[in-house]
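Peer 1: Quick one: the structure is below, and I'll ask about it shortly.
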Amino acid sequence: MKTDSEKAHLKRVSHWKLYILILIIAFGLVLVLSLNLGYAHIPFDDILKILAKQVPGINYLVDSSDITQTAEVIIMQIRLPRVICGALVGAALATAGVIYQGIFRNPMADPYTIGALTGASLGAALVIVLGVGVSLFGVNTLQILAFFGSITTVLIVYNISRVGSRVPVTTLLLTGIAISLFQNAIVTFLKVIAEEKLLHGLTFWIIGSLAPTENWNNVWSILPFIVVGATISYFFARDLNILALGEDQAQHLGVEIEKVKRILLICGALITAAAVSISGIIGFVGLIIPHLTRVIIGPDHRVLLPTSAIVGASFLMICDAVARVIMGSGEAPVGIITALSGAPFFIYLLRRKRKGYMA
Amino acid sequence: MVVLTIDGIDCSYGSVKVLEDVQFGVESGEFLGILGPNGSGKTTLLRSISRVLKPQKGTIFIGDADIYKLKTLEVAKQLAVVPQDTPVTFDFTSLEVVLMGRNPHMPRFRMESKEDLAIAKKSMELTGTWQFADRPVTELSGGEKQRVIIARALTQEPKILLLDEPTTHLDICNQLEIMDLIKQLCKTKKMLIIAVFHDFNLAARYCDSLILLKEGKIVAVGESNKTLTSENVKKVFAVDTIVKKHPVTGQLHVIPISRPQNQLQKSLIIHLICGGGTGSPLMKILTDEGYTLTAGVLNLLDTDHETAQLLKIPTANEAPFSPITDEAHKANLQMISKTNVLVIAPTQFGGGNLRNLEAAEKALEKGIPTIIIEDGTLEERDFTKGKATNYLTKLKNNGAITVKSTSELLHFLDTLENKNNKGTHQKKKP
């Protein structure tokens, strides 16, 4: 006979699939809704028809005779890549946040704390201010330098923190913060010396925006990194759980902590670098989404990693939709929307759940 | 059957050497305790055995296998660790934490099976934690959490269990329950247990053998009964203790005795008439005050005799349970003649020790100040049909002083001490 606690546990685990299913449905709704928003009005049923037309197997069922060529181009070539980029960036930042909070056993950690974001902005700032932005096979130098700036920074932080074969997480955190401040200072200096007309672009990039992502090249250039990074990190979900008991105990339970930390840090760095390389610095997603998801789903990384990714994707799609319409004719940087909506919500969460891991 | 061999290891943190040439072996079914002062390297030793801190020199073997050549996962299948304290970051439930103990036995992509759940449940029932299986560990009290961590270690199904002061956070009832459980696992499941202790008595109660560590080196190792001696304890902890077999539990009992180091030696020599334990506290207090003591006649095996031995107080002795013979009486008188004060403790008087009062009478005749401690229970203490009472009354009439409490006694001794010093001082002057 099973006791209540056993049942409760089994129920919790069996609910994981349900949660993921519900979140995927919500994600689909947000996606279609986001495609609907924009200057040209395209009704929902047309959007669904256009989307269905692309899917082999059901495309012959769709009567697309009443859909204009323009509508299809707007949806397929402009809005969809942007919305998918938003989803990818959101999923990436949330996943990286879960990874960093897990490794550092610190709910304050996010891609910012280890220097992954300032590294990217330094790379981008160099390209913008020095005016060396050229396009290469559909990927421009800005994106490449932002990517490598981010990855390199994490590797530098990791190597500085290393003591023999060990990397103490406190040292890692502090080094990350120090390097971030250092890089921020350089970026600020570049802003000061930048020409007026370049300054706007740089500021906009640093605040973060999905406006430059309205083509499929962007999707293809980041998708592999994010998929590979997220998949590998998912292999180590159980190890992340056990790390919550501290590194010594994790090792006692068979986790090769230094190896796992190294792999996860690199995964986190890859994912983050890919995301920020097209979107600029979008703050708050990496910090708030893991918390929000943990409150709903629980702390088990085997379910937290995929659900956080979906929640992060949906959240950023919504924020981007708001960014596109809130100012009427122009467009607000999405980083502002995430911070404006995220901060109050985060504080609400803290107030509501004062006990436990946030205490 | 497992044998754990610690093969002459040296460990350092940076340039600070914490362990030096530590060498010992333990086998299944054995319960080994490690005792030592703070910073003696106990926890470092456990970390080294658990493969967290690689020694600079020497290594550790489980059976024939060098643990530093095995995979982390292989070691985790055989060896579990319960640390002093486990800060848990996120609010996992107790059951989830306990299930983490199955990690070394689970393939990477498998979820916990029914068997895993059953093992976790059993461990939690053993440690009395099943009733809060659903509660987040972050909300548990220190003792509850520690029991969850012990359940997690048991869920690992290890052959070797290392514990670092595992019951520091527990109350006495939980302490005994958990230690009883571990002892039982050691004996029935032939588990090999190594535990670091802070508490001598807990260690003495549960450990088959003990290691005493000081400054990273082993000072003593061996069976608990032979290792835990007041000499060894003094060597390692620099405190004076009384180590005795407790009459009820039969286990060694370590009682620290403080000895004020800077107390001035006083000039008075005091002889104590006591017995049956009435003199023991006086012996301790008076030696601490700096007085020199003698005592007698005491029967061997009498508590007061044992105390006198521990405090190195000379005594006139008589065989166990025997009346005082002429010989012992004479020895006693001899001893008394060399003292400045005689103190009679509120002890029982019977046919056997009545001669001690006779000795007191003689002393008083010789002019040695005699102090009787009265607690108002003389009638209950007199088993000589009034003879002892008569003696004491006579003593009082002849000038013996009575005091009612230890503080009164100390006060009186103080005046005597001053007078004695002045006397010697004046004598020296001319």
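Read-outs: derived from the displayed coordinates by stated rules, not from any lab. Keep in mind that what you see is a predicted model, and the values were worked out from it rather than measured. Cβ coordinates were reconstructed from backbone atoms using ideal geometry, including for glycine residues, and neighbour counts include every protein chain displayed.
Peer 1: Over all residues in A:250-260, what is the mean tally of Cβ atoms on other chains that come within 10 Å of each residue's Cβ?
Peer 2: Values: counts 4, 8, 20, 13, 12, 6, 3, 2, 1, 1, 0.
So the per-residue partner count for this stretch is 6.
Peer 1: Within 10 Å, at most 13 other Cβ atoms, and a DSSP state outside H, G, I, E, B define an exposed site. Report the longest part of chain B free of exposed chymotrypsin sites (Phe, Trp or Tyr not before Pro). Display every interim value, and only then the final one.
Peer 2: On the way: sites that count: B:Y68, B:F109, B:F321.
Longest gap between qualifying sites, sites excluded: B:110-320.
Peer 1: HN-Hα J couplings of segment A:318-323 from phi, Karplus 6.51/-1.76/1.60, θ = phi - 60°, integer Hz, Gly and Pro as x?
Peer 2: Coupling constants for segment A:318-323: 5, 4, 5, 4, 4, 4 Hz.
Peer 1: Averaged across the residues of A:236-249, what count of C-beta atoms belonging to other chains lies within 10 Å of each residue's C-beta? Each step should come with its number before you reach the end.
Peer 2: Details: counts 1, 2, 9, 2, 1, 7, 5, 2, 12, 11, 6, 1, 9, 14.
Partner-chain Cβ atoms within 10 Å, mean over residues of A:236-249: 6.
Peer 1: Just to confirm my numbers, what's the Cα centroid distance between segment B:297-337 and segment A:50-125 in Å?
Peer 2: So the two Cα centres are separated by 94 Å.
Peer 1: Taking neighbour counts of Cβ atoms within 10 Å as a proxy for exposure, in what order, fewest first, do A:I84, B:I182 appear? Working shown, then result.
Peer 2: Details: A:I84 19, B:I182 23.
Going from least to most buried by this count: A:I84, B:I182.
Peer 1: Okay, moving on. Taking the Cβ of A:I99 as the centre, find all other residues whose Cβ is under 14 Å away and add up their charges (Lys, Arg: +1; Asp, Glu: -1). Intermediate results must be reported in sequence, preceding the final value.
Peer 2: Details: positive: A:R105, A:R238, A:K261, A:R262, A:R294, A:R302; negative: A:D110, A:D239.
Charge balance in the 14 Å sphere: +4.
Peer 1: In what sequence do B:R51, B:R152 fall when counting other Cβ within 10 Å, fewest first?
Peer 2: On the way: B:R51 21, B:R152 31.
The most exposed by this proxy come first: B:R51, B:R152.
Peer 1: Amide H of B:I34 versus every other amide H placed in the peptide plane: which residues, excluding those fewer than 5 positions away on the same chain, fall under 5 Å?
Peer 2: B:A195, B:V196, B:F197, B:I211
Peer 1: Let me know the Kirkwood hydrodynamic radius for segment A:12-358, please, with Cα pairs as the basis and the value in Å to one decimal. Display every interim value, and only then the final one.
Peer 2: Details: mean 1/r = 0.0479 Å⁻¹.
It is 20.9 Å.
Peer 1: Next question, about the same structure. What size of dipole, in debye to the nearest 20, comes out for segment A:1-82 about its Cα centre when the only charges are +1 on Lys and Arg C-beta atoms and -1 on Asp and Glu C-beta atoms?
Peer 2: On the way: 9 positive and 7 negative charges, 109 e Å.
Value, rounded to 20: 520 debye.
Peer 1: Still on this structure, I have one more. Taking amide H positions as placed in the peptide plane 1.01 Å from N, state which residues far from B:G296 in sequence (5 or more) or on other chains have amide H under 5 Å from it.
Peer 2: HN-HN under 5 Å from B:G296: B:L272, B:C274, B:A316.
Peer 1: Also: Taking θ as phi - 60°, what are the ³J(HN,Hα) couplings along segment A:324-332 by the Karplus curve (6.51, -1.76, 1.60), each to the nearest whole Hz, with x for Gly and Pro?
Peer 2: Karplus-based 3J(HN,Hα) across segment A:324-332 equals 6, 9, 5, 9, x, 6, x, 9, 8 Hz.
Peer 1: To the nearest whole number, what is the average tally of beta carbon atoms from other chains within 10 Å of the beta carbons of peptide B:117-123?
Peer 2: Working: counts 6, 1, 0, 2, 5, 0, 0.
Mean inter-chain Cβ contacts per residue within 10 Å come to 2.
Peer 1: Mind checking the angle between helix B:172-188 and chain B's longest principal axis? C-alpha axes, 0 to 90 degrees, to the nearest 10.
Peer 2: Tilt relative to chain B: about 60 degrees.
Peer 1: Here's another thing I want to ask about it. What are the extents of the Cα atoms of chain B along their three principal axes, listed from largest to smallest and rounded to whole Å?
Peer 2: 95, 47, 38
Peer 1: If you line up the long axis of helix B:142-155 against the longest principal axis of chain B, both from Cα atoms, how many degrees apart are they, to the nearest 10?
Peer 2: Helix B:142-155 sits at roughly 50 degrees to that axis.
Peer 1: Another question about this same structure. One quarter of the convex hull surface, Cα atoms only: what value does that give for segment A:115-268 in nm²?
Peer 2: Values: hull surface 41.3 nm².
Reported value for the Cα convex hull: 10.3 nm².
Peer 1: Would you grab the residues whose amide H sits under 5 Å from the one on B:I269? Only those 5+ places off in sequence or on another chain, please, with H modelled 1.01 Å from N.
Peer 2: B:N340, B:V341
Peer 1: Excluding residues fewer than 8 places away in the same chain, name every one of the lysines whose C-alpha is closer than 27 Å to that of A:K17.
Peer 2: The qualifying lysines are A:K2, A:K7, A:K353, B:K114, B:K121.
Peer 1: With a sphere of radius 12 Å drawn around the Cβ of A:I282, what net charge do the other residues whose Cβ falls strictly inside it have (Lys, Arg +1; Asp, Glu -1)?
Peer 2: Working: positive: none; negative: A:D110, A:D320.
That works out to -2.
Peer 1: For the protein assembly as shown, what is the convex hull (Cα atoms) projected area averaged across all directions, in square nanometres? Before the final figure, lay out each step's value.
Peer 2: Working: hull surface 205.5 nm².
Taking the Cα atoms of the protein assembly as shown, their convex hull projects to 51.4 nm² on average.
Peer 1: Separate question: Within chain B, what percent of beta bridges assigned by DSSP are antiparallel, to the nearest 5? Walk me through the numbers before you get to the answer.
Peer 2: Working: 28 of 63 bridges.
Antiparallel: roughly 45 percent of the beta bridges in chain B.
Peer 1: As a check on your grasp of the helix formula, calculate [θ] at 222 nm for chain B: sum -39500 (n - 2.57) over DSSP H runs of n ≥ 4, divide by the residue count, round to the nearest 500.
Peer 2: Working: 16 runs with 163 residues, N = 430.
Helix contribution divided over all residues of chain B: -11000 deg cm²/dmol.
Peer 1: May I ask for the net charge around B:N397, where only other residues with Cβ less than 15 Å from the Cβ of B:N397 are counted and Lys, Arg are +1 while Asp, Glu are -1? Could the numbers behind the result be given before it?
Peer 2: On the way: positive: B:K394, B:K396; negative: B:E361, B:E365, B:E374.
Here the count lands on -1.
Peer 1: Using Cα centres only, tell me the gap between segment B:15-85 and segment A:267-287 in whole Å.
Peer 2: Using only Cα atoms, the two centres lie 42 Å from each other.
Peer 1: So, one more: Find which of B:T249, B:A153, B:T59 sits farthest along the positive direction of the dipole of chain B, computed with +1 on the beta-carbon of Lys and Arg, -1 on that of Asp and Glu, about the Cα centre.
Peer 2: Most positive-ward Cα: B:T59.
Peer 1: Can you compute 3J(HN,Hα) from phi for each residue in segment B:87-92, using the Karplus curve 6.51 cos²θ - 1.76 cosθ + 1.60 with θ = phi - 60°, rounded to whole Hz and x for Gly and Pro?
Peer 2: Values, residue by residue: x, 9, 6, 9, 7, 5 Hz.
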